[in-house]
Every structure is written in structure tokens, then in C-alpha cells.
Amino acid sequence: MNQDQPIERGSRNEHEMLTGAERLSVEDLRRALEQRDQALALSRQNLQMAERVIDASQEGIIITDPNGVIEYVNPAFCQVTGYGAEEAIGRTPALLSSGRHDAVFYRQMWHELDTHGYWRGEIWNRRKGGALYLERLTITAIGDDDGKVTHYAALFTDITLIRENEERVRRLAYYDPLTRLPNRRLLEDRLELAIRHAHRQKQGLAVIFIDLDHFKQVNDTLGHAVGDELLLQVAQRLQSRLREDDTLARLGGDEFLALLPELNSLEEVTQVARRLIDAISQPFEVLGNTFRMGCSLGISLYPEDGTSADALVRSADTAMYRAKREGRNTYRLFRAEMNDHDSRLLALESALRDTVESGEGLAVHYQPLVNRDSGLVEGAEALVRWHHPEFGHVSPGIFIPMAERSGLIIPLGRWVMEEVAGQLRQWRQARLNPPRVAINLSASQFWQRDLVEQIRQLFARFELPPGQIDFELTESVLLDRQQQAVAVLDALRELGCRIAIDDFGTGYSSLSYLQDLPLTTLKVDRRFVQRLTGDESERRGSAAIVAAVTGLARELGLRVVAEGVETQEQLEALSRYPVTLIQGYLTGRPVDAETFAECYLQAGES
């Protein structure tokens, strides 16, 4: 028994050890199974999250097998391409082919994939409906542990709208939004390239600066809608008259510029210039309006007139202004001495500004309007004159347009009205009997909101009787704004003012406003009067115009003033027409107030 006890005790210990080991193994197994379950759950959760991310992705995703057969597409793919998942799976990405890329493009793509394991770039594809779209595409090769490709994953984004917006921004930066012509920035780029090419090839080139004559009147009288449509037609006409390799650009407003590269002779440039002028001279039909325009052109040549883009444009601009000063609707070539003249104009404008502010050097001269039949003075026109200590006597044909361009016409016009009213009061206080005095109103003056009130206060302040001051307008001031003009003209007529249309027949003549507006007088332009004694063709044309204008005025009860009568022959030629008043050097030149009073304001005159 004693011998058996150790053996029994050893078996019990071994059993306990085995039992404990079994419990540990079960516990380890349980923990291992729990860890496995947790890993599986996490993997399942991650997989579900990945699927949700892929489904929610804004990028289209395609997964193919190694042969390029589509196994999976996400909803963004369907949204972009128009194909449903069931239509794409089992096919290859070739179903999206646009046909825009050749075999070389695709060979390079696969070479990149095989070499680097991915490809990234932009590619044109086609939606199910046939529309093309541009996408940014990334393709990645997916391999197993041995490096063998098992799938290809492609991610793409539709960037069509981005590219269209970029193109729109580019066009805004380089093209005029109205005419779609190149703008100044793009023109300068092309001009610089053309200069470099001309330098290398030892060739010439030309720059033509084009400015429409009196375009501002179209905007002011017919409205900006008509003006914009006119600019579109002008751009089309100019473009059609240029050579194939020439560039037409719009600089802004009514200014255009043409670049003519690869010139061999000056005659090529002048031929183009004449074609451009002829194109603009043809009648325009714009939104129910028919009228004619003109244009002034300035030409600069490389390398004679400049070797940089900026110098050539400046030279052409200078030449264009010379064309305007010398008659308009023509062209002029740049000359070096024009720079001095341009500097003089800048100095002249500065001097005019000082003069308008101080009134020093300005004077009003008066030209009589004489009754053709009685010879009596029935009125006068106030004409402003300017004498500057440095520039001497400056022609109104220079400083009046300068005042309009610079905005000085408003204060200058106000000064003239004050000067005329003061002179009329002075004559009346001297017990003279001055006639009506007519003052010219520019468009800027006429459309001031307080114009009528200004004139009413003027009459009151200088104690003038009603109708002592009349006004003259050009017909372009009134066109297209007749309803607004009626109110202003009626108010002026209530003050006793007569209203004359100056230079009738030389602008955008419209017969309807003669009946609708409260006008009193038509002034026949001096050109028609002076051509009455010209050659046969001039006499015949002017006689027809004068007969039509004066006959129309008589039927409408309007007085007629013939301007620019300089010879007895012209006066006799006018005797055949119902003309009321004569104005010109034959009956009296413009003179200062003192001389006018001595010659025309004696006792008994009216």
C-alpha cells in the first residue's frame, strides 16, 4: 500500500496538468476565434465602407480584368457616360471611344501602363447619346503577390465644362466680346510676332488704324443697341475686305486696327485702305434705320515708322487723326513731323482747359442774318472765337471738337450763353434794339436735365424779353429721342425761343421729326449753296436738294436760312427758292460786339 501511494499521487498530478492544458487550449482557441471574427467583421465593415465610398464618388470608376473586360462600374460612371451598369459590364472601355485619338495614342498609353503600372492624362470619349466629353483619366494596374496583373482600375473626371470655362476666360482675355475680333492684347502679340518675322525675312508690314466718323452721334441719337449692331456690321465688312493673312482687331469703342504682314509695296497697303473706306461708305441697314457712315484711316509702315508694336500703333493713330482733320472718310500715311503736331494738340487742349476756366482769350462774334427781300437784319448767330497768347487765333474747327471730346463743351457753352445774355442787356440799356441772337447747342448741352431752367434763369437775371435768344441744333441731336426732345423744345418755345436745325441734309436726315417736333427754322448747309454756282453736275445736284429742302420747309411753315452765301451769283441763284434769310460773307462777316452794334444796331433797326 505504501508502495502504491506515490504512483497514485503522480497520476493525479499528470491528470491535472493535462486538464489544465486542455482548458488553456480551449481558451486560446476561443480567443483566436474571437479575433478572427473581429477581423472578419472589420474587413467586412471596411469593404462595405469602400463600396459606399466608391458608389458615392463623384469620379467615374471602372474595374476590368487583365484583358480589359469591364467587371465593375460605379454610379458616377453611369451618370457621366449615360450607360447603365448592365450595358457596360462584360464589354471593354472601347464602347466610349470618341474616334478622336489614333492608334499611336493608345499604344503610348499601354506602354506607360506596362512600364510604370499607371497612366494619367486627358482623353476625349463619347457618351451613349453621342455627345463628346473630355475627361481627366488615371489607369492603375493591380497585381497579386507575385506581381502578376489581375485587374485594371480607371478613375476619371468629366472636365468638359472646366475646359469650356477656361476657353471662355481665354476668349474674354484675348477677344472682343461684341464682335469676336481679337482685342488689343491679342493684336499686340500677333504684331510682335509679325515684326520678328518681317525682320528675319527682310519684309515690310503695315498697321492701319480705323476710326468711324461721327459714330458717337449714332449712339447718342439712335441708342446703344443700334450702335452695337452697327459695329457688328462694320466688323464684318472690314474683315471681308482684308487679305487672308491679315488680322482685324477691335481696340474699343469705334476703333479698329488692321495688321497687314508680308508687304512688298506701298501700293498693296493703299489698295486695302481704299477697299476699307469703300466698304464702310455703303449704306447700312440697322434695326430699321438706313444711313451712311464714313471712316478715317491712319497707316504706319515697318520699319520706317516704328520697329516696335507700340510705336507702329502710335504712328498709325497719329496718321488717323490727321485724316480726320483733313476731311474725314480718307486715309493718311504717317510722317515723322506728325509727332510735333500731336504734341501741339495736347498743349492746345491744356490751354483750352485753362481758358474755359478763366474766360481769358475767349470772345463772341456776331454774324447777321439778313432778310433776303428787305435787306434788314432780322437776327444774328453767336460764334465763339479764341485767341491764345502762344497759339494765336485758334480755328473753331479745331477747338470746338476738342472741347466736345474733352468734356469742356458744357462749361464753354455756359460761358457763351452768359456772354451773349450780358451783351444783349448792355445793348438794350444803351437803348439799342438788338435782334434775336441764336446760340449753337451741342448734344451734351441740349440733354442736360436743367437746360430749360438754366435758360429761364438767364432771361430773368439779365432782364431779357421772351425770345431774345434762339437756339440752333444739328439734326443728329434729336434723332431716336424725339419724345424726350419734344418736352425740351416745347419748354424753350414757351420762353419765346426759336429753334433752328443747322446743316440740314448733311447728317441722318429724317423727315418725320420735322412734322413732330416744334421747330421754326431750317438752315441749308453752305455746301449746297456754294455748289449752286459750280460745274453742271454740282449745280444740278445742289439745285435739286435746295428745291426739296426749301419746298418742304414752306409746306411745313418753317423759315429757311441759306448759309455760306459769299457771292452775288449765289444770291441770285437762291432767288428761285423760298428762302427767308441770308447768312454769309456777302451780307456780313462775323464781327465783335462793338463792330456789330456800329454796323447793324442803329436807331430804327430791328
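The values are calculated or read from the model by the stated rules, or taken from the named source; none is laboratory data. Note that the structure is a prediction, hence the values are computed from the model and not measured. Cβ atoms come from the backbone with ideal geometry, glycine included; neighbour counts cover every protein chain shown. Quick note on the areas: whole protein, heavy atoms, side chains included, nothing else; ligands and nucleic acids left out. Shrake-Rupley method; radii C 1.70, N 1.55, O 1.52, S 1.80 Å.
Quick check on this structure: which one of ALA553, ALA603, ALA562, ALA548 is open to solvent by less than 10 Å² (accessible area, probe 1.4 Å), at pLDDT below 90 and over 14 Å from LEU478 (Cβ atoms)? Steps first, answer last, please.
Working: ALA603 fails: open to solvent by less than 10 Å² (accessible area, probe 1.4 Å); ALA562 fails: at pLDDT below 90; ALA548 fails: open to solvent by less than 10 Å² (accessible area, probe 1.4 Å).
Exactly one residue qualifies, and that residue is ALA553.
Only one residue in ASP373, ASP278, ASP305 is part of a helix (DSSP H, G or I) and either among the aromatic types (Phe, Trp, Tyr) or open to solvent by 20 Å² or more (accessible area, probe 1.4 Å) (or both). Which one?
Residue meeting the stated conditions: ASP278.
Quick one: is GLN423 of a type in the set (S, T, N, Q) and touching a residue at least 24 places away in the same chain (Cβ under 8 Å)? Yes. Scan segment 193-215 and tell me whether some residue there is open to solvent by 30 Å² or more (accessible area, probe 1.4 Å), without any contact (Cβ under 8 Å) to a residue 40 or more places away in the chain and either hydrophobic (A, V, I, L, M, F, W, C) or not in a helix (DSSP H, G or I) (or both). Looking through segment 193-215, at least one residue is open to solvent by 30 Å² or more (accessible area, probe 1.4 Å), without any contact (Cβ under 8 Å) to a residue 40 or more places away in the chain and either hydrophobic (A, V, I, L, M, F, W, C) or not in a helix (DSSP H, G or I) (or both). State all residues of segment 86-109 that are surrounded by fewer than 16 Cβ atoms within 10 Å (Cβ to Cβ), assigned to a helix (DSSP H, G or I), out of contact with any Phe, Trp or Tyr (no Cβ under 8 Å at 6 or more places or on another chain) and not basic (Lys, Arg); if no residue qualifies, say none. Residues satisfying the conditions are GLU86, GLU87, ALA94, ALA103, VAL104, PHE105, TYR106, GLN108.
Test GLU418 against the stated conditions and say whether it is over 31 Å from the mean Cα position of the chain (by Cα), open to solvent by 60 Å² or more (accessible area, probe 1.4 Å) and over 16 Å from PHE471 (Cβ atoms). So that I can check it myself, show each step before the final result.
Numbers: over 31 Å from the mean Cα position of the chain (by Cα): yes; open to solvent by 60 Å² or more (accessible area, probe 1.4 Å): yes; over 16 Å from PHE471 (Cβ atoms): no.
When the stated conditions are applied, GLU418 does not pass them.
Confirm whether ASP246 is among the acidic types (Asp, Glu) and under 18 Å from ALA323 (Cβ atoms). Steps first, please.
Working: among the acidic types (Asp, Glu): yes; under 18 Å from ALA323 (Cβ atoms): no.
No, not satisfied.
Looking at segment 84-113, which of its residues are farther than 19 Å from ARG136 by Cβ and not hydrophobic (A, V, I, L, M, F, W, C)?
As a first pass, look at segment 84-113 and keep what is farther than 19 Å from ARG136 by Cβ: 84-92, 94-95, 99, 102-104, 107, 111.
Correct list: GLY84, GLU86, GLU87, GLY90, ARG91, THR92, GLY99, ASP102, ARG107, HIS111.
Take the conditions (1) assigned to a helix (DSSP H, G or I); (2) among the charged types (D, E, K, R); (3) modelled with pLDDT of 90 or more; GLU34 misses just one of them, which is (3). Residue pairs whose Cβ atoms lie under 6 Å apart, separated by 6 or more positions or on different chains, with the first residue in segment 85-101 and over 14 Å from TYR133 (Cα atoms) and the second part of a strand (DSSP E or B), are ALA85/VAL73; ALA88/ILE70; ALA88/VAL73; ILE89/ILE70; ARG91/ILE70.
Do we have ILE410 as open to solvent by 30 Å² or more (accessible area, probe 1.4 Å), under 30 Å from LYS324 (Cβ atoms) and in contact (Cβ under 8 Å) with a residue 12 or more places away in the chain here? Here the answer is yes, as ILE410 does meet what is asked. Look at ALA154 and say whether it is open to solvent by less than 50 Å² (accessible area, probe 1.4 Å), touching a residue at least 40 places away in the same chain (Cβ under 8 Å) and under 14 Å from ILE61 (Cα atoms). It is true that ALA154 is open to solvent by less than 50 Å² (accessible area, probe 1.4 Å), touching a residue at least 40 places away in the same chain (Cβ under 8 Å) and under 14 Å from ILE61 (Cα atoms).
Just need a number here: residues in segment 579-593 that are surrounded by 20 or more Cβ atoms within 10 Å (Cβ to Cβ) and hydrophobic (A, V, I, L, M, F, W, C). Matching residues across segment 579-593 total 4. Going through (1) of a type in the set (A, V, I, L, M); (2) in a helix (DSSP H, G or I); (3) open to solvent by less than 20 Å² (accessible area, probe 1.4 Å) one by one, LEU345 falls short only on (3).
Might you check whether a residue that is touching a residue at least 40 places away in the same chain (Cβ under 8 Å), open to solvent by 20 Å² or more (accessible area, probe 1.4 Å) and either assigned to a helix (DSSP H, G or I) or closer than 30 Å to THR81 by Cβ (or both) occurs anywhere in segment 164-182? Looking for residues that are touching a residue at least 40 places away in the same chain (Cβ under 8 Å), open to solvent by 20 Å² or more (accessible area, probe 1.4 Å) and either assigned to a helix (DSSP H, G or I) or closer than 30 Å to THR81 by Cβ (or both), one finds none in segment 164-182, hence no.
I want to confirm something. Restricting to segment 313-334 and keeping residues that are outside any helix (DSSP H, G or I) and not hydrophobic (A, V, I, L, M, F, W, C), which single residue is least open to solvent (accessible area, probe 1.4 Å)? Before you say what the answer is, go through the steps one by one.
We begin by selecting, within segment 313-334, every residue outside any helix (DSSP H, G or I); these are 326-334.
Going one step further and asking which of them are not hydrophobic (A, V, I, L, M, F, W, C), we end up with 326-332.
Numbers: GLU326: 89, GLY327: 59, ARG328: 83, ASN329: 65, THR330: 34, TYR331: 53, ARG332: 58 Å².
Selected residue: THR330.
Would you pick out the residues in segment 576-605 that are closer than 23 Å to ALA500 by Cα and without any contact (Cβ under 8 Å) to a residue 40 or more places away in the chain? Those that are closer than 23 Å to ALA500 by Cα and without any contact (Cβ under 8 Å) to a residue 40 or more places away in the chain: ARG576, TYR577, PRO578, TYR585, LEU586. Of the residues making up segment 449-475, those that are open to solvent by 10 Å² or more (accessible area, probe 1.4 Å), over 26 Å from ARG428 (Cα atoms) and either among the basic types (Lys, Arg) or modelled with pLDDT under 90 (or both) are ARG449, THR474.
Of the helices (runs of 4 or more DSSP H) lying entirely inside segment 408-520, those containing at least 3 residues that are of a type outside the set (A, V, I, L, M) and closer than 24 Å to ILE545 by Cβ are 512-516. Scan segment 384-407 for residues that are open to solvent by less than 50 Å² (accessible area, probe 1.4 Å) and either part of a helix (DSSP H, G or I) or not aromatic (Phe, Trp, Tyr) (or both) and the total you get is 12.
Go through segment 521-545 and report how many residues are loosely packed, with under 15 Cβ neighbours inside 10 Å, hydroxyl-bearing (Ser, Thr, Tyr) and not in a helix (DSSP H, G or I). Spell out the reasoning first.
Going residue by residue through segment 521-545, those that are loosely packed, with under 15 Cβ neighbours inside 10 Å are 534-537, 539-541, 544.
So of that shortlist, the ones also hydroxyl-bearing (Ser, Thr, Tyr) come out as 537.
If we keep only those that are not in a helix (DSSP H, G or I) too, we end up with none.
The total comes to 0.
Taking LEU514, is it open to solvent by 40 Å² or more (accessible area, probe 1.4 Å), of a type in the set (A, V, I, L, M) and under 20 Å from VAL477 (Cβ atoms)? So LEU514 fails the test. When THR140 is tested against (1) among the hydroxyl-bearing types (Ser, Thr, Tyr); (2) open to solvent by less than 50 Å² (accessible area, probe 1.4 Å); (3) assigned to a strand (DSSP E or B), exactly one condition is not met: (2). Look at (1) among the basic types (Lys, Arg); (2) buried (at least 16 other Cβ atoms within 10 Å of the Cβ); (3) at pLDDT below 90 and you find that ARG126 fails only one, number (3).
Taking first residues from segment 231-248 that are buried (at least 16 other Cβ atoms within 10 Å of the Cβ) and partners that are of a type in the set (Ser, Thr, Tyr), the Cβ contacts under 7 Å between residues at least 6 apart in sequence or on separate chains come to LEU231/THR179; ALA235/THR179.
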